Amino acid sequence: MKRDFLTITDLTPAEIQALLRDAAAYKRGRTGSPLAGKIVALVFQKPSMRTRMAFEVAVMDLGGKVTYLGQDDIQLGAREPAKDVARVLARYVDAIVLRTFGHATVEEFARFASVPVINGLSDQVHPCQALADLLTIQEQLGRLRGVQAAYIGDGNNVLHSLAEACAMTGVHLSVATPERYKPEAKLWQQARELAKPMGAKLELTTDPRAAAKGASVIYTDVWVSMGQEKEREERLKQFIGFQVNDDLLSEAAKDCRIMHCLPAHRGEEISAELMEDKRSVVFDQAENRLHVQKALLAFLMKSSRKQGAKKRSR
Ligand code: CP
Ligand code: NVA
């Protein structure tokens with residue numbers, strides 16, 4: 001059996017902790033070539049800077065090689081079905097990182113590819129980002145359990161994974177979104193269930209000030225995600241009052257850290273001043289993508305091998 005990483009809940013809480021320890025070790029300078037002789041394919045239907053670069057550099061640093069297929073190269077689902085691409089690619093490479101629209105496509109890829117599939121962002125979740133978010137919170141505040149975090153903005157893919165990640169590591173998360181842009185009810189409920197045994201509280205409101213109250217971490221993401229460009233005008237209206245700025249920060253803890261998965265739209269979800277503020281840790285957060293991606297690749301390769309996954313024939 002091979003191991004995929006399509007969503008945070010594909011890992012157990014213990015595996016998340018182990019992965020964060022490995023990521024911190026890579027950050028401190030751990031070397032080694034767990035991907036020697038391996039080739040990883042990146043299949044991206046949406047633009048990317050951090051995810052693409054973090055994976056490319058991670059694979060190279062770990063002794064492997066990467067190859068990239070963009071939307072125009074394969075026209076996934078139009079030129080041929082995703083399940084055919086998945087089966088062919090799995091015969092060429094040892095792991096696939098997929099960035100796509102519908103989450104069902106990621107699941108289809110994982111079902112049909114005989115090698116590990118990593119979700120590099122779908123419309124529903126962004127689990128690789130959430131691993132970097134946890135590492136950032138842990139190194140900034142010295143712990144995860146009991147930290148009070150707030151997410152202000154769109155109930156989107158980034159929030160869905162953040163909520164699961166917080167729930168599984170004991171981080172309290174207060175979320176404020178406009179009524180129309182709440183997280184998906186099923187995912188939110190699931191995250192709340194996951195939070196119970198960890199003693200974490202997940203709360204949802206439409207009042208940004210209430211969510212930010214006393215928070216040690218304030219997190220935001222764009223109001224218009226990739227693929228939602230046609231909704232831009234309407235969304236900008238609906239999100240008035242949800243900007244992360246100095247005024248909102250007055251509700252938060254004094255030494256509050258500001259987080260954003262990037263790319264950021266200054267003047268929309270976050271003020272230009274706060275992006276450059278000394279409380280902003282967004283560039284550490286972006287750097288951490290690299291370290292967690294290394295830990296994740298090494299982990300998936302190792303666990304897939306242990307579980308006797310079929311060796312690629314080449
Ligand atoms: N945060 C993030 O995933 O950035 P990219 O879209 O640039 O990969
Ligand atoms: N929510 C954003 C995240 C980008 C990294 C999007 O999906 O476009």
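One table, with the values for the structure above:
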item	result
Region 30-73 - residue that is under 21 Å from the mean Cα position of the chain (by Cα) and among the hydroxyl-bearing types (Ser, Thr, Tyr) and, of those, nearest to LEU89 (Cα to Cα)	TYR68
Filter result for the condition that a residue is modelled with pLDDT of 95 or more and buried (at least 24 other Cβ atoms within 10 Å of the Cβ), over ALA90, ALA104, ALA110, ALA149	ALA149
Filter result for SER280 (polar (S, T, N, Q) and in contact with an Asp or Glu (Cβ under 9 Å, 6 or more places away or on another chain))	no
Segments classed as strands (runs of 3 or more DSSP E), wholly inside region 1-114, with at least 1 members that are closer than 30 Å to ARG143 by Cα, touching a strand residue (DSSP E or B) at 6+ places or on another chain (Cβ under 9 Å) and among the aliphatic types (A, V, I, L, M)	95-99
So ARG111, is it more than 22 Å from the chain's Cα centre (by Cα) and basic (Lys, Arg)	no
Looking only at region 138-161, and only at residues there that are part of a helix (DSSP H, G or I) and in contact with a strand residue (DSSP E or B) (Cβ under 6 Å, 6 or more places away or on another chain), the one that is farthest from ligand 1 (Cβ to nearest atom)	GLN140
Flag for GLY241 being farther than 22 Å from THR136 by Cα, within 14 Å of ligand 1 (Cβ to nearest atom) and surrounded by fewer than 16 Cβ atoms within 10 Å (Cβ to Cβ)	no
Filter pass, ALA95 being closer than 27 Å to PRO197 by Cβ and more than 14 Å from ligand 2 (Cβ to nearest atom)	no
Filter result (open to solvent by less than 40 Å² (accessible area, probe 1.4 Å) and of a type outside the set (Phe, Trp, Tyr)) within region 16-38	ILE16, ALA18, LEU19, LEU20, ALA23, ALA24, ALA25, GLY32, LEU35
Test: residue in region 207-215 that is assigned to a helix (DSSP H, G or I), surrounded by fewer than 22 Cβ atoms within 10 Å (Cβ to Cβ) and at pLDDT 95 or above	yes
Selection status of LYS254, touching a residue at least 12 places away in the same chain (Cβ under 8 Å), open to solvent by 20 Å² or more (accessible area, probe 1.4 Å) and not small (Gly, Ala, Ser)	no
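The values are calculated or read from the model by the stated rules, or taken from the named source; none is laboratory data. Note that the structure is predicted; figures quoted are calculated from it, not measured. Every residue, glycine as well, gets a Cβ built from its backbone with ideal geometry; the counts of neighbours run over all protein chains shown. When the accessible area is computed, the model is the full protein with side chains, heavy atoms only, and any ligands, DNA or RNA have been set aside. Shrake-Rupley method; radii C 1.70, N 1.55, O 1.52, S 1.80 Å.
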